[in-house]
Amino acid sequence: MLMGYRVTERMDLSGRVAVVTGGSRGIGRAVAEGLAAAGADVVVASRKLEACKEAATEIEAATGRRVLPLSCNVSHWEECDRLVEATYEAFGHCEVLVNNAGLSPLYGDLTSVTEALYDKTHAVNAKGPFRLCALFGTRMHAAGGGSIINVSTVGSWRPGPGDLPYAMAKAGLNALTLGLAGAFAPKVRANVVLPGPFDTDVARAWPSGVAERLAATNPMGRIGQPEDMVGICVFLASDASAYVNGAQILVDGGSARTL
């Protein structure tokens, strides 16, 4: 039954276009380069255009693929709309959307959470991805297919008081993914990956010693690095995951194994 099955061919993204939000740094930057290395042309989107341009130049040099830098604050629907239009104007099609942009502001106790902080957190982590999924998903379905990959957090399964608005918003992203798994099926698949603690700008803002403690208690003996997210995202973007839809996949080194 598997005669003629070539894993490398199934993972090849040549001829496809992938959009990565929050793509100029951290996990998004690593995933954008990984998708390009697998053959995709890539849109790198984030709030700061200069950072996108820098990432695009580096990824193009490393992979030889076309990489388009675009400014987009996903918390504003009109900017989401412009991102979609700019992508299709430049490439004419899109097969992969990675909703990676995220925001987890620090605060004191729960009563110190302001309405502005709460609304901003949900706008970036849930509202923007909803709009992008609706727009890109509809066009992908009309064109024949695609893959939506939402980047959540293990904290959405085990929320704590220190990042509750963020965990709530990401839990909404999980629910969005499950809904999308049926909304555009069977042409468009939607899956969500849930990273644990990763060495990103968010982790560098933690109080002293937190990252070290989390590394010491992780079965892998460390926290994640951005490149640890590349393989799973390339897999979910490719035909190798053609029967994976509505999945919630932990990428945490086993730290949540007691859930």
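Each value in this text was obtained by applying a stated rule to the coordinates, not by laboratory testing. Every value quoted in this text rests on a predicted model; they were computed, and no experiment measured them. Glycine also receives a Cβ, built like all others from the backbone with ideal geometry; neighbour counts cover every protein chain displayed.
Which residue, Ala247, Ala32, Ala90, tops the fluctuation ranking in a GNM of the chain built on C-alpha contacts under 10 Å? The residue that fluctuates most here is Ala90. Coupling constants for the stretch 103-117 follow from the phi torsions by the Karplus curve (6.51 cos²θ - 1.76 cosθ + 1.60, θ = phi - 60°), and in residue order they are 8, 9, x, 7, 8, x, 8, 5, 6, 8, 5, 7, 4, 5, 4 Hz; glycine and proline get x.
Taking 35 Å as R0, compute the FRET efficiency from the Cβ-Cβ separation of Arg6 and Ser208 and round it to 0.05.
After rounding to 0.05, the efficiency reads 0.10.
Between Leu117 and Gln225, full extension at 0.36 nm per residue minus the direct alpha carbon distance yields a gain of 36.2 nm. Separation of the stretch 50-100 and the stretch 156-174, taken as the distance between their Cα centroids, equals 27 angstrom. Judged by the gyration tensor of its Cα atoms, with axes a ≥ b ≥ c, the stretch 64-216 is prolate; a/c meets the 1.5 cut and a/b is the larger of a/b and b/c. Taking the C-alpha atoms only, the angle from helix 128-143 to the longest principal axis of the chain is near 20 degrees.
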